[in-house]
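What follows is calculated from the coordinates using simple rules that are stated; it is not laboratory data. None of these values were measured; they are calculated from a predicted model. Neighbour counts run over all protein chains shown; Cβ positions are idealised from the backbone, glycine included.
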Amino acid sequence: MRACVLEAYGEPLAVTSVPEPTNTANGVVLDVEACGICRSDWHAWQGHGEWANDQVPLGQILGHEPVGRVLEVGAHVETLEPDDRVAVPFSLGDGTCQACRRGHGNVCLEGYGLGFESRLPGAFAQRLQVPHADFNLTKVPEDIPTSAVAALGCRYTTAFHALTGRVTIQDNDWVVVHGCGGLGVAAVQIATALGARVLAVDVREPALELASRLGAEAVIDASGLEPATGPASGSDKKGETVPAAVRSTTDGGAHVSIDALGRAETCRNSLGSLRPRGTHVQLGLTTSAEKGMIPIPVDELTRWERSFVGSRGMPPSRYGELLALIDAGTLDPSAVVTAEVGLEDVSDRLAAMTTYDTDGIEVVTDFSA
């Protein structure tokens with residue numbers, strides 16, 4: 001079968017023939033219909049993560065946002081049959097550990113990172129094997145477009161879990177999203193659907209325009225502003241800071257502020273944007289500049305009882321909640337999909353992410369030669 005293989009960090013992926021996946025008794029083999037291209041794939045392609053012993057190995061098939069149809073069912077699988085259409089989380093659990101039993105399969109102690117580790121090749125491929133299928137996979141209604149389901153795999157599930165599982169949002173709370181790539185605009189749409197007032201922050205006009213179309217009440221072009229460099233309570237002497245602009249727009253600051261990019265600048269801007277007792281949510285992964293470590297204003301967090309939480313993916317058991325909102329028309333991932341491409345295009349689309357030259361969510365839908 002054809003697949004995109006990581007042969008050298010930062011170099012074009014090899015689109016080549018690889019062996020067919022082998023199934024397990026508790027797993028299924030899927031025919032991949034589509035797979036989103038995510039900034040986490042970019043991190044893997046760049047070779048990031050060695051600072052956390054999390055570097056994706058060379059030889060890996062990337063891709064972690066698939067939708068597919070069941071081709072082969074393992075002997076111990078009870079809930080799935082051939083031709084079932086399923087969504088696949090990128091953070092898979094084994095269904096047996098303490099975290100899984102408590103409904104937190106996205107942080108399974110023995111979990112699998114789809115497309116990020118050698119024991120689980122990814123979905124930039126014609127076919128894919130998924131272990132512990134009964135626990136991890138969710139059937140998808142046929143009327144939801146294929147590219148929309150692919151958008152769920154990481155960006156929508158991550159944003160949905162962050163906004164409904166890691167924080168509490170009340171009607172008319174201000175939610176500020178720093179970084180309006182695919183993950184950020186998914187957060188904009190979901191926060192709007194939850195009844196929040198949304199402020200989007202980015203340095204690119206197309207990203208802010210998309211955020212506005214998806215429900216952002218206000219936007220801030222941060223390209224002419226200074227980053228937060230000192231205490232969160234005031235402006236930098238060089239000029240107005242991003243946090244100061246946020247607090248002015250939101251009449252005191254965000255109730256919830258999201259760093260959807262993962263740079264030191266956006267993290268600190270997000271923290272500085274909070275009102276007293278507000279919550280910062282870290283979604284973006286850091287780059288080689290930060291290597292997983294960002295200095296933060298701890299005294300400010302303490303003084304104003306602000307919170308810092310992380311969020312990763314979504315428990316497989318919650319997919320039904322998200323699919324119900326899409327089926328009801330409350331959420332529309334199709335509105336965030338900006339391009340459908342083939343396997344040969346993946347390397348170029350990853351390279352475009354280096355200069356932030358992508359908008360929304362791009363999805364692989366053509367796996368043929």
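For the chain, modelled as a GNM with alpha-carbon contacts under 10 angstrom, which of Thr168, Thr355, Thr241 fluctuates the most?
Thr355
Would you list His280, His76 from fewest to most Cβ contacts within 10 Å?
By the 10 Å Cβ count, ascending: His76, His280.
Could you compute the net charge surrounding Ile61? Neighbours are other residues with a C-beta less than 13 Å from the C-beta of Ile61; K and R count +1, D and E count -1.
Taking every Cβ under 13 Å from that of Ile61, the sum is -1.
List the trypsin sites (Lys or Arg not before Pro) within region 263-369 that fall in a DSSP loop (any state other than H, G, I, E or B) and whose Cβ has at most 14 other Cβ atoms within 10 Å.
Here the trypsin sites (Lys or Arg not before Pro) that fit, given the DSSP loop and packing criteria, are Lys291.
First check a/c for region 105-187, with a ≥ b ≥ c the square roots of the eigenvalues of its C-alpha gyration tensor; if it is under 1.5, answer rounded, and if not, answer prolate when a/b is larger than b/c or oblate otherwise.
Prolate is the answer for region 105-187, as a/c is 1.5 or above and a/b outweighs b/c.
Provide the per-residue ³J(HN,Hα) series for region 21-29, in order, calculated from phi with Karplus coefficients 6.51, -1.76, 1.60 and θ = phi - 60°, each as a whole number of Hz, with x at glycine and proline positions.
Per residue, the Karplus-derived 3J(HN,Hα) values read x, 9, 7, 10, 5, 9, x, 9, 10 Hz.
Please compute, for the alpha-carbon atoms of region 234-369, the extent along each of the three principal axes and give them in descending order in Å.
Rounded to whole Å, the extents work out to 57, 36, 27 Å.
Rounded, prolate or oblate: which fits region 138-233 when a ≥ b ≥ c are the square roots of the eigenvalues of the alpha-carbon gyration tensor, with rounded for a/c under 1.5 and prolate only if a/b beats b/c?
prolate
Just to be sure I follow: if Rg is taken over the C-alpha atoms of region 251-308 and Rh is the Kirkwood radius over the same atoms, what is Rg/Rh?
Looking at region 251-308, the ratio lands at 0.97.
Full-extension gain between Glu240 and Ala75, please, as 0.36 nm times their residue separation minus the C-alpha to C-alpha distance.
Taking Glu240 through Ala75 to full extension adds about 53.2 nm, to one decimal.
Can you give the Rg to Rh ratio of region 158-310, both from alpha-carbon atoms, with Rh computed by the Kirkwood formula?
Over the Cα atoms of region 158-310, Rg/Rh equals 0.92.
Taking 30 Å as R0, compute the FRET efficiency from the Cβ-Cβ separation of Ala193 and Tyr356 and round it to 0.05.
Plugging the Cβ-Cβ distance into 1/(1 + (r/R0)^6) gives 0.70.
How far is the Cα center of region 184-212 from the Cα center of region 39-90, in Å?
27 Å
Using the Karplus curve 6.51 cos²θ - 1.76 cosθ + 1.60 with θ = phi - 60°, work out ³J(HN,Hα) for each residue of region 108-114 in order, rounded to whole Hz, and write x for Gly and Pro.
3, 5, 10, x, 10, x, 4
May I ask you to evaluate 6.51 cos²θ - 1.76 cosθ + 1.60, the Karplus curve with θ = phi - 60°, for each residue of region 217-226 and list the ³J(HN,Hα) values in order in whole Hz, giving x for glycine and proline?
With coefficients 6.51, -1.76 and 1.60, one gets 6, 8, 9, 10, 7, 7, 5, x, 10, 8 Hz.
Based on the alpha-carbon gyration tensor of region 46-172 and its eigenvalue square roots a ≥ b ≥ c, which shape applies: rounded if a/c is under 1.5, prolate if not and a/b is larger than b/c, or oblate?
Because its axes are fairly even, with a/c under 1.5, region 46-172 counts as rounded.
From the mean inverse distance of alpha carbon pairs (Kirkwood) and the Cα radius of gyration, derive Rg over Rh for region 2-86.
Here Rg/Rh amounts to 1.04.
Counting only residues 5 or more places away or on other chains, whose amide H sits under 5 Å from the amide H of Leu30 once H atoms are built in the peptide plane?
Placed amide hydrogens put Leu71, Leu128, Gln129, Val130 under 5 Å from Leu30.
If I model a spin label at Glu50 and Arg102 as a point 7 Å from the Cα along the Cα→Cβ vector, what separation in nanometres do I get?
If labels sit at Glu50 and Arg102, their model points lie 3.5 nm apart.
At a 10 Å Cβ-Cβ cut-off, how would you order Ile220, Ile190, fewest neighbours first?
Least crowded to most crowded, the residues run Ile220, Ile190.
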